[in-house]
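Comments concern the structure below.
Since every read-out is calculated from the coordinates, none of them should be taken as a lab result. The structure displayed is predicted, hence computed values, not measured ones. We place every Cβ from the backbone using ideal geometry, glycine too, and count neighbours over all the protein chains shown.
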Amino acid sequence: MINYKKKNTIVTIRESIVCDMCGKVIKCVSSEMDEIIEAQETFHGLHQCGYGTIFQDEGVLEFDLCQHCLKKIIDENKINVRIE
Ligand SMILES: [Zn+2]
């Protein structure tokens, strides 16, 4: 027999994401399908730079984009994206 004990804990949840290009606030907690899709389709960029980078030696680049801004960047810059 296993005995369980209830314990109160603090849980951190992601409440929203702000697009770093257009400023749109995307709710992460929602029962609306459109909002759920917007949240799951956000793009999170994270890159650890090395030495000699054009940004900052050993800097960290981090940003979030909504799917619309990601598509705009891809389309306007003619980035050759592979979709599988
Ligand atoms: Zn955006």
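With neighbours defined as other Cβ atoms within 10 Å of a residue's Cβ, the residues VAL18, VAL25 order from fewest to most as VAL25, VAL18. Extension gain, LYS6 to LYS27: 0.36 nm times the residue separation minus the Cα-Cα distance gives 4.5 nm.
Loop-located trypsin sites (Lys or Arg not before Pro) in the stretch 46-84 (DSSP state other than H, G, I, E, B) with a sparse environment of at most 11 neighbouring Cβ atoms within 10 Å: LYS78, ARG82.
Structure note, pairs LYS27/LYS72; LYS7/LYS27; LYS5/LYS27; LYS27/LYS78: Cα-Cα distances above 25 angstrom occur for LYS7/LYS27; LYS5/LYS27; LYS27/LYS78.
For the chain, the 222 nm mean residue ellipticity estimated from helices alone, with every DSSP H stretch of n ≥ 4 adding -39500 (n - 2.57) and the total spread over all residues, rounds to -6000 deg cm²/dmol.
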